[in-house]
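Peer 1: Let me begin by handing over the structure; questions about it come next.
The values are calculated or read from the model by the stated rules, or taken from the named source; none is laboratory data. These numbers come from a predicted model, not from an experiment. Note: ideal-geometry Cβ built from the backbone for every residue, glycine included; neighbour counts use all protein chains shown.
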Amino acid sequence: MLLQSIVSYGAALLVATVPAINAQDQALQTPPLSQLPISLKNHAKNHLLDSSGKSTSEHSANTLTLATNGTASTEPTAGTSEEQKTPVAVAFEQNSHWRRNLAELQPELFKKLGRGQSPEILWIGCADSRCPETTILGLQPGDIFCHRNIANILVPTDLNSLSVIQYAVQYLKVKHIIVCGHTSCGGIAAALANKKLGLIDTWLMPLRHLRAQNSKMLEALPEKERSLKMVDLNVRRSVAVLMENPVVMEAMIERGLQLHGVIYDVGSGELNELDIAEDEEIVEERKKAFKVEE
C-alpha cells in the first residue's frame, strides 16, 4: 500500500538521518522511491516526530541540531535572547544547519537534486501551514511535486493548477496524484459561514456551490461532522475535476496514472483514504465527453 510503504520509507530515512556517534555508523541506505510498492488502501498513521515542542518565540533564541526526523530541532544557546533574532533570521540559521547535516549524511543528495527531478507523486493540497506534504509522508526533497492553495480547490479554468498538473503529468511523468484535504480547514469553515471576507469569497465559490448542492444533508449534521463532510465533498470534487482533465485522462489510459483522495487529520497526523472507485459505465461516459485527440 502506498501510504504504508511511504511511512516505512520515511521511517528508514529517520533512522538514516540520526547523527551517529561514529561516522561509520552513518552508512545506512534507504530504498529509492522507485522501489516502493504504490497502492493506496484504507489509511495509515504517519509516525511524525516533533522536534522540541516549544513555541515559536522559544525557538527564536535557539541554535539547531538534527532531529530524528531529519529536520532541524532547537537547543538553547548561551548569550542569545529572543529579541536578538527575528523569525526570518532563525529560519535562515535553521536552513544552514539543515543543509550541512543533510549533506554530511547523504553526500550525493544535493548533487542529484541539482541535476534534475523525477518525483513519482503530484500532491495537491491546502496552503495551511500544518499540512507540509514532504513532512507528512516522511519523504525528502525531490520526492514530491506539489501544488497548494486555500482549501485545495481545483477548478477546470485555473491556469495555475492546470499548469502544474500538465507539467507533472506530461513532462515529469508522475505515477500518482494525491488530492489532500484536512480537518480544521479555514477555507471550509469560511464556506460554511456567511461572513463577507472580500476577494477570498470569489476563490471559495466552488465550496459554496458544494454547500448549496448538499445543503439538506449538511444541515442535518452536527457542526464538526458537517465540516468534515465538506472536506470529503471537496476532495471528491477535486478528484472529479482531475478525471475530466484531458492530460490526466490520457495518462490514466495509456500508462496507468493513479488518482487518490485523502484527508489529513491535523490533530493526529493520520492520513485516511477515500474510496473514489467508479463504475466502468461512468468511466466510459466520461471518456466520450472529455477525451480529446490530435
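Peer 1: Please indicate, with yes or no, whether at least one residue in segment 112-122 is among the basic types (Lys, Arg), under 20 Å from Val174 (Cα atoms) and either out of contact with any helix residue (DSSP H, G or I) (no Cβ under 7 Å at 6 or more places or on another chain) or not in a helix (DSSP H, G or I) (or both). Working first, answer last.
Peer 2: So in segment 112-122, the residues among the basic types (Lys, Arg) come out as 112, 115.
Now drop any that are not under 20 Å from Val174 (Cα atoms), which leaves 112, 115.
Now restrict to residues that are either out of contact with any helix residue (DSSP H, G or I) (no Cβ under 7 Å at 6 or more places or on another chain) or not in a helix (DSSP H, G or I) (or both): 112, 115.
The answer is yes; a qualifying residue exists.
Peer 1: Yes or no: segment 264-281 includes at least one residue that is in contact (Cβ under 8 Å) with a residue 12 or more places away in the chain, surrounded by 19 or more Cβ atoms within 10 Å (Cβ to Cβ) and in contact with a Cys (Cβ under 9 Å, 6 or more places away or on another chain).
Peer 2: Within segment 264-281, one or more residues are in contact (Cβ under 8 Å) with a residue 12 or more places away in the chain, surrounded by 19 or more Cβ atoms within 10 Å (Cβ to Cβ) and in contact with a Cys (Cβ under 9 Å, 6 or more places away or on another chain).
Peer 1: Can you confirm whether Leu228 is modelled with pLDDT of 95 or more and touching a helix residue (DSSP H, G or I) at 6+ places or on another chain (Cβ under 7 Å)?
Peer 2: So Leu228 does not fit the description; no.
Peer 1: Turning to a different aspect of this structure: Test Ser161 against the stated conditions and say whether it is within 18 Å of the chain's Cα centre (by Cα) and among the small types (Gly, Ala, Ser).
Peer 2: It is true that Ser161 is within 18 Å of the chain's Cα centre (by Cα) and among the small types (Gly, Ala, Ser).
Peer 1: Still on this model: Quick one: in segment 210-241, which of the residues that are surrounded by 11 or more Cβ atoms within 10 Å (Cβ to Cβ) and among the acidic types (Asp, Glu) is farthest from the chain's Cα centre (by Cα)? I'd like the intermediate steps shown before the answer.
Peer 2: Taking segment 210-241 and keeping what is surrounded by 11 or more Cβ atoms within 10 Å (Cβ to Cβ), we get 210-211, 213-214, 217-218, 221, 225-241.
Subset that is among the acidic types (Asp, Glu): 225, 232.
Values: Glu225: 23, Asp232: 16 Å.
In this case the residue turns out to be Glu225.
Peer 1: Tell me, please, whether a residue that is surrounded by fewer than 15 Cβ atoms within 10 Å (Cβ to Cβ), of a type in the set (Ser, Thr, Tyr) and modelled with pLDDT under 95 can be found in segment 87-100. Working first, answer last.
Peer 2: So the first thing to find is which residues in segment 87-100 are surrounded by fewer than 15 Cβ atoms within 10 Å (Cβ to Cβ), and the list is 87-89, 91-92, 95-96, 99-100.
Cutting the leftovers down to of a type in the set (Ser, Thr, Tyr) gives us 96.
Filter once more, so that each one left must be modelled with pLDDT under 95: 96.
Looking for residues that are surrounded by fewer than 15 Cβ atoms within 10 Å (Cβ to Cβ), of a type in the set (Ser, Thr, Tyr) and modelled with pLDDT under 95, one finds at least one in segment 87-100, hence yes.
Peer 1: OK, next. For segment 166-183, check the following and say yes or no: at least one residue is at pLDDT below 95 and part of a helix (DSSP H, G or I).
Peer 2: No; the residues of segment 166-183 include none that is at pLDDT below 95 and part of a helix (DSSP H, G or I).
Peer 1: Inside segment 183-200, can you point out the residues that are closer than 15 Å to Asn149 by Cβ and surrounded by fewer than 23 Cβ atoms within 10 Å (Cβ to Cβ)?
Peer 2: Residues satisfying the conditions are Gly186, Ala190, Leu199, Ile200.
Peer 1: What residue, among those in segment 174-194 that are more than 15 Å from the chain's Cα centre (by Cα) and of a type outside the set (A, V, I, L, M), is farthest from Leu122 (Cα to Cα)?
Peer 2: The extreme case among them is Asn194.
Peer 1: Look through Ile276, Ile253, Ile282 and report the one residue that is of a type in the set (A, V, I, L, M, F, W, C) and assigned to a loop (DSSP other than H, G, I, E, B).
Peer 2: Ile276
Peer 1: Take the residues of segment 252-263 that are surrounded by fewer than 15 Cβ atoms within 10 Å (Cβ to Cβ) and without any contact (Cβ under 8 Å) to a residue 40 or more places away in the chain: which is farthest from Leu242 (Cα to Cα)? Before the answer, list the steps.
Peer 2: Applying the first criterion (surrounded by fewer than 15 Cβ atoms within 10 Å (Cβ to Cβ)) to segment 252-263 yields 253-256.
Those left that are additionally without any contact (Cβ under 8 Å) to a residue 40 or more places away in the chain: 253-254.
Numbers: Ile253: 13, Glu254: 16 Å.
Here the residue is Glu254.
Residues are listed down the side, and each one gets a yes or a no for (1) assigned to a helix (DSSP H, G or I); (2) touching a Leu at 6+ places or on another chain (Cβ under 7 Å); (3) of a type in the set (D, E, K, R):
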position	(1), (2), (3)
Arg208	yes, no, yes
Lys224	yes, no, yes
Ser227	yes, yes, no
Asp232	yes, yes, yes
Arg236	yes, yes, yes
